[in-house]
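Novice: Please find one structure pasted underneath; my questions will follow.
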Amino acid sequence: MTVTSILKDKGRDVATITPEATLQDAVNMLAEKRIGAIVVTDFAERVAGILSERDIVRATSRSGCDALKEPVSAYMTREVVTCSLHDSTERLMEMMTSGRMRHLPVTEDGKLAGIISIGDVVKRRIADAELEAESLKAYIASG
């Protein structure tokens, strides 16, 4: 299975924010949408960074509540690992595990095309395993 098939089921909507928005704006959006990361995009919808709950915890640990008044750009991860529409679930698991990431923005022609979470990958892998088990049962039963 590929990123394309995951996005076909889940959709391509991505929560985004500008680098100039405040950390408080980002916290509000994460809470409202019940998500763990937000993609930071520039004016051309290219990925400029990513801000996760972990980044916010580090920011408030360092600067206290004053961090919430600072721009997202001060705390976002700038060197974002992305994936393509053609990456396999196996490749995604490898990237997420080795990079200790829970979210991977999907890019197509340099622009944001979706986002994949570790939950999306696990859900797809479970569905694939269940389908394979059912196929094996049907094959055995047909004798």
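Novice: For the range 36-59, what are the residues that are farther than 18 Å from residue 113 by Cα and among the aliphatic types (A, V, I, L, M)?
Specialist: Result: 56, 57, 59.
Novice: Any chance you could count how many residues in the range 84-102 are polar (S, T, N, Q), surrounded by 11 or more Cβ atoms within 10 Å (Cβ to Cβ) and farther than 18 Å from residue 129 by Cβ?
Specialist: The number of residues fulfilling the criteria is 1.
Novice: If you don't mind, another one. Considering only residues that are buried (at least 16 other Cβ atoms within 10 Å of the Cβ) and either closer than 24 Å to residue 108 by Cα or of a type in the set (Phe, Trp, Tyr) (or both), which ones fall in the range 17-35?
Specialist: 17, 19, 35 - these are the residues of the range 17-35 that are buried (at least 16 other Cβ atoms within 10 Å of the Cβ) and either closer than 24 Å to residue 108 by Cα or of a type in the set (Phe, Trp, Tyr) (or both).
Novice: Taking the criterion of being of a type in the set (A, V, I, L, M) and closer than 17 Å to residue 114 by Cβ, would at least one residue in the range 17-28 satisfy it?
Specialist: Yes: one or more hits.
Novice: Oh, and also: Restricting to the range 69-87, name every residue that is within 14 Å of residue 105 (Cα to Cα) and polar (S, T, N, Q).
Specialist: Those that are within 14 Å of residue 105 (Cα to Cα) and polar (S, T, N, Q): 77, 82, 84.
Novice: What is the residue count in the range 110-143 for residues that are farther than 17 Å from residue 35 by Cα, among the aliphatic types (A, V, I, L, M) and part of a helix (DSSP H, G or I)?
Specialist: Total meeting the criteria: 9.
Novice: May I pose another question? Go through the range 43-83 and give me each residue that's surrounded by 20 or more Cβ atoms within 10 Å (Cβ to Cβ), out of contact with any Lys or Arg (no Cβ under 9 Å at 6 or more places or on another chain) and assigned to a loop (DSSP other than H, G, I, E, B).
Specialist: Within the range 43-83, 76 is the sole residue that qualifies.
Novice: Then there's this: Being at negative phi and without any contact (Cβ under 8 Å) to a residue 12 or more places away in the chain: is that true of residue 129 here?
Specialist: For residue 129, the condition - at negative phi and without any contact (Cβ under 8 Å) to a residue 12 or more places away in the chain - is met.
Novice: Still on this model: Considering the range 1-39 alone, what residues qualify as being part of a loop (DSSP other than H, G, I, E, B) and among the β-branched types (Val, Ile, Thr)?
Specialist: Correct list: 14, 18, 35.
Novice: Which of the residues spanning the range 28-39 are touching a helix residue (DSSP H, G or I) at 6+ places or on another chain (Cβ under 6 Å) and modelled with pLDDT of 95 or more?
Specialist: Passing the criteria: only 38.
Novice: Identify, please: which residue in the range 1-27 is of a type in the set (Asp, Glu) and modelled with pLDDT under 95 and is, among those, farthest from the chain's Cα centre (by Cα)?
Specialist: 9
The values are calculated or read from the model by the stated rules, or taken from the named source; none is laboratory data. The structure displayed is predicted, hence computed values, not measured ones. Note: ideal-geometry Cβ built from the backbone for every residue, glycine included; neighbour counts use all protein chains shown.
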